[in-house]
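Student: One structure follows; several queries about it will come next.
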Amino acid sequence: MNRNPEVKVQLPAPNDIIRANEKSAETMKAMKLIRWAAMGLSVLLAVSSSAAATSPWEQPAAALAEQIAGILGPGQAHLSIRNVSRISSEDVPAIRKLLEQDLKMHGVTVSDDESANSIRVTLSENARARLWVAEVVEGSVTQVAMVQLSPDGEQRAQAVGGLTLRTERVLTSREPVLAALETANGLVVLETEQIVFETRGPDGWHEQSRVSIGQRRPLPRDPKGVLIPDGGAQFEAWLAGTQCRGSYDPAPSQGQWMVSCYASDDPWPLTQSDQTAVPVKAFFNGARNYFTGVITPSVGADPPPFYSTAWIPRASGGTALVVGGIDGKVLTIENGVLKPIAGTRDWGSDFAAIHSGCGTGTQIVASSSGEAAVDSLLAYEFPALEAIPVSAPLDVRGTVVALWPAPDGKTVLAATRGAENQYEVDRVSALCN
Amino acid sequence: MYRRFAISCFVALLTLPTAARTRPHYGGTLRVEIEGDPWQPPNGIARRLVFDGLTTLDTTGAVQSALASGWESDNANHRWQFRLRPGVYFHDGSPLTSTAVVQSLNLDCPANCPWATVHAVGSTVVFTGDSPMPNLPALLAGDEFLIALTATADGKTPSGNIGTGPFQVTSFNNGLLALGANETCWQGRPLADAIEIRVHPAVHDQWLDLSVGRADVVEVPVEMVRQAQQQRLTVLVSQPAFLLALEVTDSGALVNPMLRAAIAASIDRSALANVIFQKQGEATASLLPRSLTGFAFLFPVDRDLNKAHELRGGLNAPTLTLSVDGDGALRLAAQRIALNLKEAGFNAQEVDAGGAQRADLMLRTIPLEGGEAAAVLESVSRSVGAPAIPPDSSPTSLYRAERDFLDRHTLIPLVDLPRAYASGARVRDLALDAHGLPDLASASLEDAP
């Protein structure tokens with residue numbers, strides 16, 4: 001049975017339209033109207049056809065009906081459906097209709113006769129998937145058929161505010177992701193024990209190879225890592241106690257990444273400001289999860305131990321370094337002076353600058369403080385020494401475990417850990433309203 | 001004027017820099033109070049702090065690598081090879097070797113193991129079985145297969161419990177078990193510097209200590225969860241962590257399966273869940289929790305006294321002996337079950353669980369470990385010596401294997417029960433793991449330096 005018959009709509013051919021130029025204006029208007037109506041109709045039909053084709057219930061209904069028919073054989077049966085899953089009750093009539101149609105195809109006619117054989121379908125689910133169960137009752141014998149369905153992907157609404165933050169999923173992983181970097185030759189992903197290289201396919205990134213980092217000592221809990229580009233085909237990675245350098249050999253015989261890792265307690269690079277000529281680095285406490293507070297070269301003031309930093313431009317023309325201390329306080333270092341910033345009570349420990357071009361041009365995207373059930377991201381500006389939210393919160397799928405700017409600075413990347421310990425890297429961009 | 005001044009002060013206060021919530025801090029001592037033995041298997045609270053398994057379960061119950069970095073099976077799951085993670089050391093500094101793992105497993109499981117033989121081959125541990133072992137990686141995450149050091153380098157038996165876990169034993173005196181952070185733990189150093197586990201205070205004393213700040217994590221018996229919530233304790237309740245079940249002998253008077261089926265039909269599971277366990281458990285007639293399969297409703301939980309009488313068919317069973325593997329709520333549950341049985345024409349008499357002769361009926365709890373239904377089914381059924389191993393992990397195969405097992409009526413599922421703990425204000429990011437235990441290694445303290 002074909003539920004999605006191909007819909008053909010006859011549209012005016014281009015030559016017909018050219019010939020129409022020679023006709024009167026009224027005829028042309030009428031032709032245009034007909035053309036638009038036909039196009040609209042075709043779009044409507046295409047949409048409805050496509051919606052029907054992508055109905056998530058078709059396949060499981062067909063599979064369950066086939067199993068039921070295999071038990072019952074041709075004949076009449078009474079069908080009842082019970083929904084104990086999160087499927088909307090509005091979908092149940094459609095599922096019933098599909099089942100009835102599919103059963104009929106297999107010679108089982110659904111009847112209201114209570115004396116007939118009975119099919120009790122339960123739309124159920126477990127923690128991982130939906131499960132449709134049919135209890136087929138013939139006299140005193142009950143047999144069971146089951147079909148397992150994958151749960152739907154979650155749809156998320158975009159937040160709206162002074163500017164709008166949007167996320168786009170870059171990759172998902174079962175392993176903790178510390179950082180990721182898009183290069184001309186693919187995606188580099190820093191995990192706790194390996195560096196993974198991925199190449200882009202038509203349906204997203206696909207793992208190409210992975211290299212063991214080979215740390216001499218285990219990483220601390222709540223590990224951190226940094227990946228920065230070093231020229232077009234190179235990168236540098238930092239983890240607690242270890243540094244790696246990777247380069248891509250494009251030669252046909254090679255065409256692969258070469259990575260060397262070595263023990264190192266050298267300072268890690270902080271995200272760069274356009275205005276700073278010398279790269280600024282900071283020492284990371286390899287046995288903990290934070291920077292010691294020692295920055296090199298000095299920025300004029302010594303901050304307390306911190307988790308995150310970001311450079312923001314100031315109205316005066318200079319830049320300021322925003323520092324997120326391990327005590328939860330957020331400070332700026334501007335002209336060698338350390339000053340506290342107000343309005344950061346809801347900030348988590350991760351933030352990054354985004355050069356959106358909206359508002360003052362640069363905002364800081366900060367994770368939420370983790371008080372809520374799910375983390376969110378919010379963009380802030382700093383007209384003075386107070387963080388002013390300029391976007392609505394954007395919910396993310398889980399807890400933000402790392403946030404860093406993309407190499408071009410126009411987007412930031414967020415690594416999150418989901419409820420099922422699934423890691424995800426999302427690209428966060430800002431749209432000016 | 002004063003009003004304006006007050007408003008100005010309030011606005012100024014609002015804009016003052018305030019401390020945000022941060023990443024977890026390292027340091028400090030977590031103080032835990034429990035009633036039972038912290039080393040008591042299964043799932044004594046200290047066991048997973050000190051020991052690791054070859055595999056582990058993440059919070060969703062999925063199997064993850066632990067002391068084994070990877071594994072392969074061949075010969076249709078009759079042979080498994082687990083590669084040991086390099087660079088792992090026991091708390092005494094001795095390296096984790098395949099020989100040490102095999103010694104520990106042989107001590108853990110002297111008989112009725114999921115495998116027939118286990119031996120060390122280089123840096124791998126090889127298991128072989130007489131029948132397929134499709135669920136072995138998940139089973140090895142269980143409490144009974146945690147790896148402990150059984151012999152020191154000079155061949156002596158180590159004094160005390162030595163593992164590879166995030167904490168090592170510092171001392172155990174006067175009911176206070178002191179654990180220190182394992183700085184070189186392969187999973188990363190835990191966030192807290194130390195854990196003190198105070199053993200044996202009564203539950204209400206634990207709650208009092210929590211409320212006055214003398215304890216950070218305390219136990220909440222399932223039947224007291226509502227009471228704890230009413231006292232405004234911060235209570236963490238796990239997914240179903242164990243199954244309350246009645247183990248029924250298939251010998252003596254109960255060799256007749258109809259009598260065993262009559263016993264199953266006569267028990268009022270809903271009363272157990274709602275009254276004894278104060279609605280914190282879920283009445284069940286299936287081995288596997290609803291959340292794991294989605295088909296638990298195929299095993300009806302309703303009591304059917306008529307059916308019980310019908311199945312008994314006027315047979316007079318002699319007085320049955322009933323033992324309880326536990327106390328408190330379990331003992332109350334046993335008394336209610338005895339009443340239920342009496343209404344169905346059986347006489348049940350409670351006897352000591354440690355008696356010389358095995359009781360006809362034994363009320364016990366069985367851990368529900370993991371998120372893989374086939375592995376949980378094998379683990380639960382293995383606990384009564386009759387492993388049910390479905391040929392594949394499809395829902396239909398799983399249902400058939402469970403149905404076949406339950407139709408023997410040698411284990412009657414009654415209630416799925418969670419574990420519960422309460423934590424104090426100092427503790428942050430405390431979560432319960434797949435076994436329902438607090439993951440103290442990943443918890444930190446708000447006031448840590």
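The values are calculated or read from the model by the stated rules, or taken from the named source; none is laboratory data. Everything numeric here is computed off the predicted structure, so don't read it as measured data. Ideal geometry is used to build each Cβ from the backbone, glycine not excepted, and the neighbour counts take in all protein chains shown. SASA here: full protein model, heavy atoms, side chains in, ligands and nucleic acids out. Shrake-Rupley method; radii C 1.70, N 1.55, O 1.52, S 1.80 Å.
Student: Can you tell me which residue is farthest from the other protein chains (Cβ to nearest Cβ) among those in segment B:167-184 that are touching a Pro at 6+ places or on another chain (Cβ under 8 Å) and farther than 13 Å from residue B:26 by Cβ?
Tutor: This residue is B:177.
Student: From the list B:46, B:12, exactly one residue is open to solvent by less than 60 Å² (accessible area, probe 1.4 Å), outside the structural domain of residue B:221 (by TED's automatic domain parsing), at negative phi and modelled with pLDDT of 55 or more. Which is it?
Tutor: B:46
Student: Now for a separate question. Where in segment B:233-325 are there helices (runs of 4 or more DSSP H), lying fully within it, with 3 or more residues that are touching a helix residue (DSSP H, G or I) at 6+ places or on another chain (Cβ under 7 Å), away from every other protein chain (no Cβ under 14 Å) and open to solvent by less than 50 Å² (accessible area, probe 1.4 Å)?
Tutor: B:257-266, B:305-312
Student: Within segment B:375-394, which residues are within 13 Å of chain A (Cβ to nearest Cβ) and crowded, with 24+ Cβ neighbours inside 10 Å?
Tutor: B:376
Student: How many residues are open to solvent by less than 20 Å² (accessible area, probe 1.4 Å) and of a type in the set (Ser, Thr, Tyr) if we restrict to segment A:412-426?
Tutor: Here the count works out to 1.
Student: Residue A:301 fails exactly one of the following numbered conditions: (1) more than 10 Å from every other protein chain (Cβ to nearest Cβ); (2) open to solvent by less than 60 Å² (accessible area, probe 1.4 Å); (3) part of a loop (DSSP other than H, G, I, E, B); (4) touching a Pro at 6+ places or on another chain (Cβ under 8 Å). What is the number of that condition?
Tutor: (4) is the only condition that residue A:301 fails.
Student: While we're on this one: Just a yes or no: is a residue in segment B:404-413 crowded, with 22+ Cβ neighbours inside 10 Å and within 14 Å of another protein chain (Cβ to nearest Cβ)?
Tutor: no
Student: If you don't mind, there's one more thing I want to ask. So, in segment B:414-449, how many residues would count as being open to solvent by less than 10 Å² (accessible area, probe 1.4 Å), modelled with pLDDT of 95 or more and among the polar types (S, T, N, Q)?
Tutor: 0
Student: While we're on this one: Could you list all residues from segment A:83-132 that are away from every other protein chain (no Cβ under 14 Å) and assigned to a loop (DSSP other than H, G, I, E, B)?
Tutor: Of everything in segment A:83-132, those that are away from every other protein chain (no Cβ under 14 Å) and assigned to a loop (DSSP other than H, G, I, E, B) turn out to be A:88, A:106, A:107, A:111, A:112, A:113, A:114, A:115, A:116.
Student: Mind checking which residues of segment A:334-349 are out of contact with any strand residue (DSSP E or B) (no Cβ under 8 Å at 6 or more places or on another chain) and facing chain B (nearest Cβ under 9 Å)?
Tutor: Listed by number, the list holds a single entry, A:345.
Student: Out of A:378, A:331, which single residue is open to solvent by 10 Å² or more (accessible area, probe 1.4 Å), more than 9 Å from chain B (Cβ to nearest Cβ), touching a residue at least 12 places away in the same chain (Cβ under 8 Å) and not in a loop (DSSP other than H, G, I, E, B)?
Tutor: A:378 is the lone residue from the list that is open to solvent by 10 Å² or more (accessible area, probe 1.4 Å), more than 9 Å from chain B (Cβ to nearest Cβ), touching a residue at least 12 places away in the same chain (Cβ under 8 Å) and not in a loop (DSSP other than H, G, I, E, B).
Student: Name every residue in segment B:171-184 that is open to solvent by 60 Å² or more (accessible area, probe 1.4 Å), more than 16 Å from residue B:45 (Cβ to Cβ) and without any contact (Cβ under 8 Å) to a residue 40 or more places away in the chain, in order of residue number.
Tutor: Within segment B:171-184, B:173, B:174, B:183 qualify.
Student: Inside segment A:209-228, can you point out the residues that are in contact (Cβ under 8 Å) with a residue 24 or more places away in the chain and either open to solvent by 50 Å² or more (accessible area, probe 1.4 Å) or part of a strand (DSSP E or B) (or both)?
Tutor: The answer is A:209, A:211, A:214, A:216, A:217, A:225, A:226, A:227, A:228.
Student: Read through the list (1) within 14 Å of another protein chain (Cβ to nearest Cβ); (2) within 23 Å of the chain's Cα centre (by Cα); (3) closer than 30 Å to residue A:220 by Cβ, then give the number of the only condition that residue B:218 fails.
Tutor: Every listed condition holds for residue B:218 apart from (1).
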